[in-house]
Amino acid sequence: MRARGTRGGILLSLHAEDTLELLDDALREHAELLAGTVIVEITEKVPFEHIALVAGKVEEAGGVVKDVRPPQAVMQARAETVIVPRTVRSGGRIVSGGSIVVLGDVNAGAELVADGDVIVTGLLRGMAHAGASGNEKALIYAERILAAQLRIAGALAQGDPGAAETPGQRHEVALLHDGAIVVRPWSSGAGG
């Protein structure tokens, strides 16, 4: 477990290798830090007993657990959106700790990798990976998605690179649904 101060209290990061005994000892030693607002960050799969122990120790100290969240929530807030004001040519590779917005097309052979969303105002023919750090709520948006490969978090979808553009069909979104990537026409409610 790691602890660091925040503006309103303390942030506790729990790790898979933390044992109940180690957590109990650390929390007992630093009980005074638990008297205010506590945010619990879970970096990996952590047993519920660990979270319950932390919540109990915080309550005993007179504090309150305000939030339990994955670390991506913290990283996502600090990451910047990369805006590319041109077409991404074959062989081009754009990487972002936030989202990527391309004001143009993404040609076949180009790659976009973002921890957040991938938004393309033109045609997407290159590979796009949204939610690269595991963000399953990330999405891929383009005028037309004609990519040979799409990735969202850990899911992968193969497309038909030879598929012809369907006349009249515009604005598509790819998102995760039940662990699989689904591509559908964009509508105002498509993101949620």
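The values are calculated or read from the model by the stated rules, or taken from the named source; none is laboratory data. Source: prediction; values computed, not measured. Ideal geometry is used to build each Cβ from the backbone, glycine not excepted, and the neighbour counts take in all protein chains shown.
Before moving on, here are some points about what is shown:
- Residues considered: 26, 16, 31. Of these, the only one that is under 25 Å from the mean Cα position of the chain (by Cα) and outside the structural domain of residue 97 (by TED's automatic domain parsing) is 16.
- Number of the exception - residue 139 against (1) surrounded by 22 or more Cβ atoms within 10 Å (Cβ to Cβ); (2) farther than 19 Å from residue 185 by Cβ; (3) aliphatic (A, V, I, L, M): (2)
- Single match in 74, 58 (criterion: modelled with pLDDT under 80, in a helix (DSSP H, G or I) and hydrophobic (A, V, I, L, M, F, W, C)): 74
- Top-ranked residue of region 146-192 - restricted to ones that are over 16 Å from the mean Cα position of the chain (by Cα) and on the phi > 0 side of the Ramachandran plot, ranked as modelled with the highest pLDDT: 178
- Within the span defined as region 109-116, one or more residues are of a type outside the set (A, V, I, L, M, F, W, C), without any contact (Cβ under 8 Å) to a residue 24 or more places away in the chain and surrounded by fewer than 21 Cβ atoms within 10 Å (Cβ to Cβ).
- Test for residue 134: is it in contact with an Asp or Glu (Cβ under 9 Å, 6 or more places away or on another chain) and at positive phi: yes
- Only one of the numbered conditions (1) at pLDDT 90 or above; (2) within 18 Å of the chain's Cα centre (by Cα) is not met by residue 45, and that is (1).
- When residue 47 is tested against (1) closer than 16 Å to residue 13 by Cα; (2) of a type outside the set (Ser, Thr, Tyr); (3) touching a strand residue (DSSP E or B) at 6+ places or on another chain (Cβ under 6 Å), only condition (3) is not met.
- Residue in region 27-52 that is surrounded by the most Cβ atoms within 10 Å (Cβ to Cβ), counting only those that are outside any helix (DSSP H, G or I) and aliphatic (A, V, I, L, M): 38
- Within region 1-26, if we keep just the residues that are among the hydrophobic types (A, V, I, L, M, F, W, C) and either in contact with an Asp or Glu (Cβ under 9 Å, 6 or more places away or on another chain) or free of Cβ contacts under 8 Å to residues at least 12 places away in the same chain (or both), the residue that is surrounded by the most Cβ atoms within 10 Å (Cβ to Cβ) turns out to be 12.
- Screening region 77-142 for strands (runs of 3 or more DSSP E) wholly inside it with 2 or more residues that are aliphatic (A, V, I, L, M), modelled with pLDDT of 95 or more and out of contact with any Lys or Arg (no Cβ under 6 Å at 6 or more places or on another chain) returns the ranges 100-102, 111-114, 118-124, 127-130.
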